[in-house]
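Take a look at the structure set out below.
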Amino acid sequence: MLADKYSAVRQQIRLACENAARSPDSVALLAVSKTRSADEVRELSHCGQRAFGENYLQEALDKIDALSGLDLEWHFIGPIQSNKTRPIAEHFDWVHSVDRLKIASRLSEQRPVQLPPLNICLQVNISDEASKSGCTPDELPALADAVARLPNLRLRGLMAIPKPEDNPQRQRAVFAQVRQLLEQLQHTQPALDTLSMGMSADTEAAILEGSTMVRVGTALFGPRNPPSTR
Ligand SMILES: *Cc1c(COP(=O)(O)O)cnc(C)c1O
């Protein structure tokens, strides 16, 4: 079951890359495993998947602990409270949801010295005015400059969660704006290489607009049950 869905998602990514005239290995798949059991994560890892994304800290820490024998890469993609940064700095490889300097500074301070720098994407609030998450496009240049100076972080790029939209052209238009924001930052920070955008419903539009990492949950694992632990 999971193996079939996994090949279907991989195939969808390959086809979208072909349509975009991009190399199939230019887009990474982040499997979003929030609300999913450690056993489901293990099963998907046996299909070859290594990178997993989690939104709820306690649930994530339990899974990371249960699966510590596997060589997995953990990405935190949910909203971050400033009093919860330490376990994120200690247990994750990437954080996609940084939207203010206070959070970034704490993650840098709390990153254990024996670990490589924590990979960071800045979350930008591109179309969803109702959402409180993400910095505004105006705030982005100053935030990116400041975060890039923090010693134990490695700023990689941007993450966006556009508001749901059925029309593929309109999906693309919003993703194109995110790509342009990254291109502007790359003038002063050429090492930025990551556009974390595209979920189950808009994977292809995101890839056509330059996504380098799609975050896919439902298309891999099926519809979610409500989270039991946060
Ligand atoms: C849940 C979630 C996803 C995955 O969404 P699906 O529609 O299930 O693919 C991706 N990104 C973030 C930030 C999420 O919270």
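What follows is calculated from the coordinates using simple rules that are stated; it is not laboratory data. Small disclaimer: the values here were computed from a predicted structure and weren't measured. Reconstructed Cβ throughout: ideal geometry from the backbone, glycine too, with neighbour counts over all protein chains shown.
Got the relative contact order for the chain handy, in percent, Cα pairs under 8 Å and 6 or more residues apart?
Normalised by residue count, the contact order of the chain is 22 percent.
Is any residue of the range 102-131 close enough, with backbone N under 18 Å, to a label point placed 7 angstrom from the Cα of ALA28 along the Cα-Cβ axis, and if so, which?
Counting backbone N atoms under 18 Å from the label point, the list is 115-124.
Of LYS63/LYS132; LYS34/LYS63; LYS34/LYS84; LYS34/LYS102; LYS102/LYS132, which pairs sit farther than 19 Å apart, going by alpha carbon to alpha carbon?
LYS63/LYS132; LYS34/LYS102
May I ask you to derive the relative contact order of the range 47-93, considering only C-alpha pairs under 8 Å and at least 6 residues apart, and to give it as an integer percent?
So the answer I get is 44 percent.
So for the range 1-125, averaging the separation of alpha carbon pairs under 8 Å that are six or more residues apart and normalising by length, what relative contact order in percent results?
It comes to 17 percent, rounded to a whole number.
Report the paramagnetic label zone for GLU139: residues of the range 111-132 whose backbone N is under 16 Å from a point 7 Å from Cα along the Cα-to-Cβ axis.
Only 121-132 pass the distance filter.
Once all Cα-Cα distances of the chain are split into 5 Å bins that start at 0, what whole-number percent is in each one?
Pair shares across the bins are 1, 7, 15, 19, 21, 18, 13, 6, 1, 0.
From the square roots a ≥ b ≥ c of the eigenvalues of the alpha-carbon gyration tensor of the range 14-124, which class results: rounded (a/c under 1.5), prolate (a/b over b/c), or oblate?
oblate
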